[in-house]
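Participant: Okay, here's the structure, questions in a sec.
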Amino acid sequence: MPRLVSLSRAAKLVGLSRGALQKRIHDLELQSFEGQVDLDDIEKMFPDVEIEDNHIIEDLEKIVEQALKRAHGAKLAKLLAPDSYTLAARLHSITKEHAHAKSQVKELIGLLSDVQTQISDLSKTSDTPIFFEDLNNFINDSIDKIQVPILKPAPLLEKDNLLRVMAAQVHIKNTGHEFFVDGSTTILEAGLSTGLAMNYGCSNGNCGKCKAKLISGEIKKTRPHDFVFSESEKLQNYFLCCSNTAITDIEIDAEEAGSEKDIPTQTISAKVKKATRISDDVLILNLKTPRTKRLRFIAGQNVILSRGDLAPLELPIASCPCDDMNIQFHIPQSDAPFSAYAYEEIKNSDSIHIKGPTGSFILDENSDNAIIFIAFDTGYAPINSLIEHAVTLEHAEFIHLYWVHTGEKPYMHNQCHAWEDALDNFKYQHVQYNDPTDTEQLTDIFNSLINEYSDFSDKNIYICGAKKMVKKTQEILLDHNADKKLMKHQSL
Ligand code: FES
């Protein structure tokens, strides 16, 4: 009997990304049963997997955790442990399932033994006793096969049970997305931290924008909320994702933004959390939004920053949408009044107005092609957001970051290096250029990239930097078969 688990759960069990298992299915190495896989097949494919053998997923989780740290800070560790009610409810659910499975096995063995008695009676009067003997042996073998898995250790099954106590799985039926709710975090927090663009507004139980329909499974309220459901919504099992956690694995219908057009324009008054001059001409600005008015955006988008009478400045967001209260910007030194304020006067707790998001320099989530990100200096900012988002989503089979920079090293060189060390599917290269206005040097600058791929027709390419540089880069790559439809760019 197959022991089916979702692809996400199987990936978590063996410490691989979901994409890596998907590739095995695509390459016909692993069989899929309507999106699920058999634990026996997984055990055969990864015979050496131990419960603690999870280094790849841990590396990945470290990166996701870094992205989330700004949002949850010290609370993160606490959030990952289920509270006692959730723990008890999850254990209860697993125990029920276990008892049910045990009684089914008992009944099955009883049934087979009744069949054996019938066979034995028939064989006494039969002219072909050998046939009945063979049948009897076949049934004995079948009983052994049912009993052996109960007696022999099943590390993946044990690990699966442990995982289900610590984290429940959410399957969004209308989009097919899946994610885990660790500990007692809300379904909304868990979905956003997985990189999904779930619908929400206040995050606080007031607006009702995060409502979803529970199709199966059990949820629990994490806080009371002011939003009132209609009688018809109550009958259809509607609930608020921002105010509930998942007790068991659940299936829901929930709205997600399909494109930048689904994200409303927001106006938020945020506070300066930290402004750090990371190099002579780059300043990293971290803003914090109010808890009840966070910024909803898609990775790669921009916002307009303003303060008092200063001329507003449109900038790409450098942080991940999974961290919607802590927004980061990389501000180049320039003549813009906002830049002058940021470099010379800014103080912690200053109020800054954010309006947005704008722009469509966002990941193509329908494509799982390898991705090449090309950044010119602070053109890296939206690419940082896109990379964090792609890693959180386990989106691409391969990511190549090519950072063209003035100065000795890119200003976030160490972080990019750490990504390369931690992720098997991430490559980081940087190339220095001397004159950020001279497009002639670009042919040489892209030499090593072109030598590596020669044909770019099946790559999704994202380019961000000064307009002239972006245009020339596009021309060079088009000469090497890049597909215009798979190229996105943002000019600064
Ligand atoms: S986001 Fe407003 S009620 Fe959940």
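The values are calculated or read from the model by the stated rules, or taken from the named source; none is laboratory data. It should be emphasised that the depicted structure is a prediction, and the values quoted were computed from it without experimental measurement. FYI the Cβ positions are ideal-geometry reconstructions off the backbone, even for glycines, and counts take in every protein chain you see. Ligands, DNA and RNA are stripped out before the accessible areas are found, and what is left, the full protein with its side chains, is counted by its heavy atoms. Shrake-Rupley method; radii C 1.70, N 1.55, O 1.52, S 1.80 Å.
Participant: Which of the following residues is in a loop (DSSP other than H, G, I, E, B), buried (at least 16 other Cβ atoms within 10 Å of the Cβ) and at pLDDT 75 or above: Leu13, Leu30?
Facilitator: Testing whether each residue is in a loop (DSSP other than H, G, I, E, B), buried (at least 16 other Cβ atoms within 10 Å of the Cβ) and at pLDDT 75 or above leaves just Leu30.
Participant: Another question, then. Give me the pairs, please: first residue somewhere in the range 165-194 and closer than 21 Å to Ile215 by Cβ, second residue anywhere and modelled with pLDDT of 90 or more and basic (Lys, Arg), beta-carbon distance under 8 Å, and either six or more positions apart or on two chains.
Facilitator: Partner pairs satisfying both residue conditions: none exist.
Participant: Would you please name the residue that is nearest to Val170 (Cα to Cα), looking only at residues in the range 189-206 that are of a type in the set (Gly, Ala, Ser) and away from the ligand (no atom under 13 Å from the Cβ)?
Facilitator: Only one residue fits best here, namely Ala190.
Participant: Among what's in the range 262-287 and is open to solvent by 70 Å² or more (accessible area, probe 1.4 Å) and closer than 29 Å to Tyr411 by Cβ, pick the residue that is modelled with the lowest pLDDT.
Facilitator: Here the residue is Asp280.
Participant: Let me ask you something else. Take the range 166-220 and flag every residue that is buried (at least 18 other Cβ atoms within 10 Å of the Cβ) and of a type in the set (Lys, Arg).
Facilitator: Lys209, Lys211
Participant: Anything in the range 221-236 that is within 16 Å of the ligand (Cβ to nearest atom) and open to solvent by 70 Å² or more (accessible area, probe 1.4 Å)? List them, or say none.
Facilitator: Lys221, Arg223, Pro224, Asp226, Val228, Lys234
Participant: Also, quick follow-up: Can you name every residue in the range 237-253 that is touching a Leu at 6+ places or on another chain (Cβ under 9 Å) and in a strand (DSSP E or B)?
Facilitator: Tyr238, Phe239, Leu240, Asn244, Ile250, Glu251, Ile252, Asp253
Participant: A further question follows. So, in the range 168-181, exactly how many residues are more than 19 Å from His389 (Cβ to Cβ) and more than 16 Å from the ligand (Cβ to nearest atom)?
Facilitator: 5
Participant: If you scan the range 288-309, which residues turn out to be open to solvent by 50 Å² or more (accessible area, probe 1.4 Å) and within 18 Å of Ala340 (Cα to Cα)?
Facilitator: Residues satisfying the conditions are Ile304, Arg307, Gly308, Asp309.
Participant: Now, a different point. Here are some conditions: (1) more than 18 Å from the chain's Cα centre (by Cα); (2) more than 10 Å from the ligand (Cβ to nearest atom); (3) open to solvent by 30 Å² or more (accessible area, probe 1.4 Å). Ile247 meets all but one. Which one does it not meet?
Facilitator: Condition not satisfied by Ile247: (3).
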